[in-house]
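Participant: Below is the structure I would like to discuss, written out as structure tokens.
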Amino acid sequence: MSITKRYGKATILDGIELSLQRGEIFGLLGPSGSGKTTLVKLLCGIEEATEGSVQVFEERMPDLKLMKRIGYMAQSDALYVELTAKENLEFFASISGVKRAECKERIQDVMKLVDLEQHLNKKVEAYSGGMKRRLSLAIALLHNPDILLLDEPTVGIDPALRQKIWDTFEELRKKGVLILVTTHVMDEADRCTRLGLIREGKLIAVGSPDQLKTNTQTTTIEQAFLTYGG
Amino acid sequence: MRILALVIRILRQFIHDKRTMALMIIAPILVLTMLSLVFNGEELKLKIGAVNVPNAMIERIEGNNVTVTKLEATEDVKREIKENDYDAILNFGRSENEIHLEGSDPTINKAIVERIRSSMGSEQTEANMAIQYVYGSSEMTTFDHFGPVLVGFFIFFFVFLIAGVSFLRERTQGTLLRLLASPIKRWELVLGYVIGFGLFTMIQSAIIALYSIYVIDLKMEGSFFYVLIITLMLALSALTLGILLSSFAKNELQMIQFIPLVVVPQLFFSGLFNLDTISDYLSWIGPLTPLYYGAEALRDVMIKGQGISDIWVDVVVLIGFSLLFIILNIIALKKHRRI
Ligand SMILES: Nc1ncnc2c1ncn2[C@@H]1O[C@H](COP(=O)(O)OP(=O)(O)OP(=O)(O)O)[C@@H](O)[C@H]1O
Ligand SMILES: [Mg+2]
């Protein structure tokens, strides 16, 4: 089944057909304004398709039970800046149903992962842009979701830490988590299991990085992307 | 559980945001104090003219900032008051003893009448004393009279603004959508807000009411407990209305624009001005506004000393307003997420 999304008269997503499997990292690539964020919002249930529907584990979104199993990281950080990082984490942990006994441990784990343990008690106002991004990612991972929907998770994060975060994605994938990331960074695209190229609301190509390169007879994703776009 | 998380978060935000907390408590106190000083501040100096008043009585009236001047009998008391700046003229010796009050300042009116009453011997009964007003009338209010309205109004004003802006920020900073991407239910979200802000509002209302009654010394005939209940219910309606209207605002400035549109007009219908004189074209608005009921109940308790049997209708209506706004809020959130 394909989905179409319109805001008013403007068609933002046009007949997108896509099915994602557990245990894969799906990378969504596309120019700015092509509809990546809109697609992610549809998947996590805060927008609904004008035509067609999104199904997760055979259930139609939005569905509260499913939302418990999804970790979402929005493109713009949604944090309470006047609170400390710990207070943010505690709040989102209870909201997403992390058990109180596990809460402290989970917070330590995710903050270690994004390298922010020593800034736990700092107010988010005092965080840098990249630190906020990392905190948002930590929040998305808090409740051990089966599906991770991450809208440009690594913007403003330095290469070393980005490497570490992608290693974590890889580990989660092996555990059977489905990860969807949108990105503009091509070396990240190479680490995805599959890629989807989106342009002006249309999904123009789907396949593993190697498939896409072979199809376009190019050697890098960047070239492949440009070939499809051209 | 999720509601509790929201409540804790909101209270933590208050604790971190000392300025907002101070604004919500100190600003109403400050304004009320200023108003009370403006209206009751200075010692009154009264200038009274006397026609045919026995000397013994003049002596009793005089002193302590009151001067009495003997006048010739005059027909045109009104002109005498206007030209020589008397606050009042006593005209005795007719069939009826008359007090002509200048009348424009209710505080002065009250002071004069009380003064004269107390200086009259027991042989003079009130029945043969006629009070006439050159300007105004005995219906005019004093700070005691509109104090309760203002207490209600300022609580309403600040709770409306702060709750509205907080919920608006939740939307503009993206955390509302982030929350709706979690398994939280819409009613849990609204209820969390109501309880979190409600708790803070409870403290705020209590402090403002205590201050108004014991420091500003507003007239207080009834039970303090009822005042608390009324202000809390009024604050809840402000809170839920603020959250509701915030969904029609795009930014803080637009939220502030609701104040002259939605909050201030309520003051006009809350008894600050004489309700009987409001044009019929507008008078239907009053009963649609929460402050109308809150102010009435506060006046009943603080001025008339009435109890629950007289105010319960107002309190129930206020609860009704809050419930209605809560339900509308839950519906309004559908805009963001269907379930
Ligand atoms: N709420 C909205 N109302 C109307 N149009 C919208 C809305 N949200 C997004 N759009 C439009 O939808 C299109 C796709 O937006 P989207 O945010 O999905 O792009 P994107 O691929 O995520 O871009 P970027 O890489 O810059 O984040 C844009 O043209 C945008 O103007
Ligand atoms: Mg985007």
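Participant: List the strands (runs of 3 or more DSSP E) that sit entirely inside the range A:3-116 and contain at least 2 residues that are more than 14 Å from every other protein chain (Cβ to nearest Cβ) and surrounded by fewer than 19 Cβ atoms within 10 Å (Cβ to Cβ).
Facilitator: Values: elements: A:3-7, A:10-16, A:25-29, A:70-73.
In the range A:3-116, A:3-7, A:10-16 are the strands (runs of 3 or more DSSP E) which contain 2 or more residues that are more than 14 Å from every other protein chain (Cβ to nearest Cβ) and surrounded by fewer than 19 Cβ atoms within 10 Å (Cβ to Cβ).
Participant: Continuing with the same structure: Can you spot a residue in the range B:150-169 that is within 14 Å of chain A (Cβ to nearest Cβ) and in contact with a strand residue (DSSP E or B) (Cβ under 8 Å, 6 or more places away or on another chain)?
Facilitator: No, the range B:150-169 has no match at all.
Participant: Quick one: in the range B:272-321, which of the residues that are among the aromatic types (Phe, Trp, Tyr) and without any contact (Cβ under 8 Å) to a residue 24 or more places away in the chain is most open to solvent (accessible area, probe 1.4 Å)?
Facilitator: Within the range B:272-321, the subset among the aromatic types (Phe, Trp, Tyr) is B:273, B:281, B:284, B:292-293, B:312, B:321.
Next cut, without any contact (Cβ under 8 Å) to a residue 24 or more places away in the chain only: B:273, B:281, B:284, B:312.
Details: B:Phe273: 108, B:Tyr281: 193, B:Trp284: 149, B:Trp312: 137 Å².
Per the stated criteria, the residue is B:Tyr281.
Participant: Specify the residue that is farthest from the other protein chains (Cβ to nearest Cβ); the eligible residues are those in the range A:149-170 that are within 16 Å of ligand 2 (Cβ to nearest atom) and under 21 Å from A:Arg194 (Cβ atoms). Don't jump to the end; show me each part of the working.
Facilitator: Here is the first cut: in the range A:149-170, the ones within 16 Å of ligand 2 (Cβ to nearest atom) are A:149-156.
From what is left, the residues that are under 21 Å from A:Arg194 (Cβ atoms) are A:149-154.
Working: A:Leu149: 8, A:Leu150: 12, A:Asp151: 11, A:Glu152: 14, A:Pro153: 14, A:Thr154: 18 Å.
Step by step, filter the range A:149-170, then rank; the result is A:Thr154.
Participant: What are the pairs, 6+ residues apart or on separate chains, where a residue within the range A:213-230 that is open to solvent by 90 Å² or more (accessible area, probe 1.4 Å) has its Cβ under 8 Å from a residue that is assigned to a helix (DSSP H, G or I)?
Facilitator: A:Asn215/A:Ala224; A:Thr219/A:Lys213; A:Glu222/A:Met186
Participant: Mind checking which residues of the range A:1-37 are away from ligand 2 (no atom under 16 Å from the Cβ), more than 17 Å from the chain's Cα centre (by Cα) and among the basic types (Lys, Arg)?
Facilitator: Step one: of the range A:1-37, the residues away from ligand 2 (no atom under 16 Å from the Cβ) are A:1-4, A:6, A:8-9, A:11, A:14-15, A:17-25.
Still in the running and more than 17 Å from the chain's Cα centre (by Cα): A:1-4, A:6, A:8-9, A:11, A:14-15, A:17.
The answer is A:Arg6, A:Lys9.
Participant: So, one more: Considering only residues that are under 19 Å from A:Arg173 (Cβ atoms) and either assigned to a loop (DSSP other than H, G, I, E, B) or open to solvent by 10 Å² or more (accessible area, probe 1.4 Å) (or both), which ones fall in the range A:117-148?
Facilitator: Narrowing the range A:117-148 to residues under 19 Å from A:Arg173 (Cβ atoms): A:137-138, A:140-148.
Scanning the range A:117-148 gives A:Leu141, A:Leu142, A:His143, A:Asn144, A:Pro145, A:Asp146, A:Ile147.
Participant: While we're looking at this one, here's another question. Check whether at least one residue in the range B:39-47 is hydrophobic (A, V, I, L, M, F, W, C), more than 14 Å from every other protein chain (Cβ to nearest Cβ), without any contact (Cβ under 8 Å) to a residue 60 or more places away in the chain and surrounded by 12 or more Cβ atoms within 10 Å (Cβ to Cβ), and report yes or no. Spell out the reasoning first.
Facilitator: So in the range B:39-47, the residues hydrophobic (A, V, I, L, M, F, W, C) come out as B:39, B:44, B:46.
Within this subset, residues satisfying the condition of being more than 14 Å from every other protein chain (Cβ to nearest Cβ) are B:39, B:44, B:46.
Narrowing the set further to residues that are without any contact (Cβ under 8 Å) to a residue 60 or more places away in the chain leaves none.
Within the range B:39-47, not a single residue is hydrophobic (A, V, I, L, M, F, W, C), more than 14 Å from every other protein chain (Cβ to nearest Cβ), without any contact (Cβ under 8 Å) to a residue 60 or more places away in the chain and surrounded by 12 or more Cβ atoms within 10 Å (Cβ to Cβ).
Participant: Taking the range A:171-201 as the region of interest, how many residues are more than 16 Å from ligand 2 (Cβ to nearest atom) and surrounded by 14 or more Cβ atoms within 10 Å (Cβ to Cβ)? First the steps, then the outcome.
Facilitator: Start the filter on the range A:171-201 by keeping residues that are more than 16 Å from ligand 2 (Cβ to nearest atom), which leaves A:171-179, A:186-187, A:190-195.
From what is left, the residues that are surrounded by 14 or more Cβ atoms within 10 Å (Cβ to Cβ) are A:172-173, A:177-179, A:186-187, A:190-195.
Residues that pass the stated criteria total 13.
Listed here are the residues, each with its yes/no results for (1) of a type outside the set (D, E, K, R); (2) out of contact with any Cys (no Cβ under 6 Å at 6 or more places or on another chain); (3) assigned by TED's automatic domain parsing to the domain that holds B:Ile155; (4) crowded, with 21+ Cβ neighbours inside 10 Å.
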| site | (1), (2), (3), (4) |
| --- | --- |
| B:Gln173 | yes, yes, yes, no |
| B:Gly196 | yes, yes, yes, yes |
| B:Lys219 | no, yes, yes, no |
| B:Gln254 | yes, yes, yes, no |
| B:Ser270 | yes, yes, yes, yes |
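Participant: Still on this model: When B:Ser36 is evaluated against the numbered criteria (1) at pLDDT below 90; (2) within 14 Å of another protein chain (Cβ to nearest Cβ), which criterion, by number, is the only one it fails?
Facilitator: (2)
Participant: Scan the range B:221-230 and tell me whether some residue there is in contact with a helix residue (DSSP H, G or I) (Cβ under 8 Å, 6 or more places away or on another chain), under 25 Å from B:Ile330 (Cα atoms), open to solvent by less than 20 Å² (accessible area, probe 1.4 Å) and of a type outside the set (Asp, Glu).
Facilitator: The answer is yes, given that some residue of the range B:221-230 is in contact with a helix residue (DSSP H, G or I) (Cβ under 8 Å, 6 or more places away or on another chain), under 25 Å from B:Ile330 (Cα atoms), open to solvent by less than 20 Å² (accessible area, probe 1.4 Å) and of a type outside the set (Asp, Glu).
Participant: Is the range B:44-58 home to any residue that is under 30 Å from B:Leu210 (Cβ atoms) and among the aliphatic types (A, V, I, L, M)?
Facilitator: Our first condition is that a residue be under 30 Å from B:Leu210 (Cβ atoms); within the range B:44-58, this holds for B:44.
When the remaining residues are screened for being among the aliphatic types (A, V, I, L, M), the result is B:44.
Yes, because at least one residue in the range B:44-58 is under 30 Å from B:Leu210 (Cβ atoms) and among the aliphatic types (A, V, I, L, M).
Participant: Let me ask something else. Scan (1) away from chain A (no Cβ under 14 Å); (2) at pLDDT 90 or above for the single condition B:Tyr193 breaks and write down its number.
Facilitator: Only one criterion is unmet by B:Tyr193, namely (1).
The values are calculated or read from the model by the stated rules, or taken from the named source; none is laboratory data. Values in this document were obtained by computation on a predicted structure and should not be read as measured data. All Cβ positions, glycine included, derive from the backbone under ideal geometry; neighbour counts span all protein chains shown. Ligands, DNA and RNA are stripped out before the accessible areas are found, and what is left, the full protein with its side chains, is counted by its heavy atoms. Shrake-Rupley method; radii C 1.70, N 1.55, O 1.52, S 1.80 Å.
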